[in-house]
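The next block holds one structure in the form of structure tokens; read it before the comments.
What follows is calculated from the coordinates using simple rules that are stated; it is not laboratory data. In this text the structure is predicted, and so the values were computed from the model without any measurement. Every residue, glycine as well, gets a Cβ built from its backbone with ideal geometry; the counts of neighbours run over all protein chains shown.
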């Protein structure tokens, strides 16, 4: 029963992340030369984390991201069974959130500025798979390292942890949006890509593996590095 509540919390949190983050990207666009939309999208993703951290953080830890859950698993903070449940809940939340966006935008007659429900892509790096992987590995490494530091038992951030994590996500989006759209979260990428595919847009799914492998590798490296640095 305890774990089921955690899974529900992760489902809700990831759904909200996709609705607010990807929804903002869809509405305002996120081209690098359109500074306002670019910054609004980065802030939307970061502020969702702040809100959800104080909403479901005490229930599930507010991972709402398979990469974060992998980092916690490697750090010994959860069992493999919990990890599997988190991943499933997060991906389902992202999928349902993307479906809600597709429904809202279709009923409202609003044009999807991104063309793919806020999905990620490689156009900003010239279609280079290697460049995309490097971007996602580096950005996820920074994000997960921050989370592990803030949530460490040795940390003393009081009630400001959620704010620090949220602003770090905003930071990595400021660099990453123009390159890959910034995933650092496989669930956030899988949900929009699947719904776009159902809608007939096959482009997002063609490079989806980059936004699964990159964040997971970045998170694994972050967890291993943090374990090394923290070990006395």
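Quick notes on this one:
- Its residues counted as N, segment 130-189 yields a C-alpha radius of gyration over 2.2 N^0.38 Å of 1.19.
- Per-residue [θ]222 nm for the chain (sum of -39500 (n - 2.57) over DSSP H runs n ≥ 4, rounded to 500): -23500 deg cm²/dmol
- Nearest-ten-degree value, helix 2-17 long axis tilted from longest Cα axis of the chain: 40
- Computed over the chain, the ratio Rg/Rh where both radii use C-alpha atoms and Rh is Kirkwood: 0.95
- Put simply, when 214-225, 164-175 are sorted by average Cβ atoms within 10 angstrom per residue, most first, you get 214-225, 164-175.
- Among 60, 152, 159, sorting on how many other beta-carbon atoms sit within 10 Å of each Cβ, with the fewest leading, yields 159, 152, 60.
- Principal-axis tilt of helix 186-198 within the chain, Cα atoms, nearest 10 degrees: 30
- Fewest neighbouring Cβ atoms within 10 Å first, the residues 86, 226 line up as 226, 86.
- Segment residue 198-residue 31, length gained on full extension (0.36 nm per residue, minus Cα span): 57.6 nm
- Of the residues 91, 36, 62, the one with the fewest other Cβ atoms within 10 Å heads the list, and the complete ranking is 36, 91, 62.
- Distance from segment 209-232 to segment 82-133 (C-alpha centre basis), Å: 23
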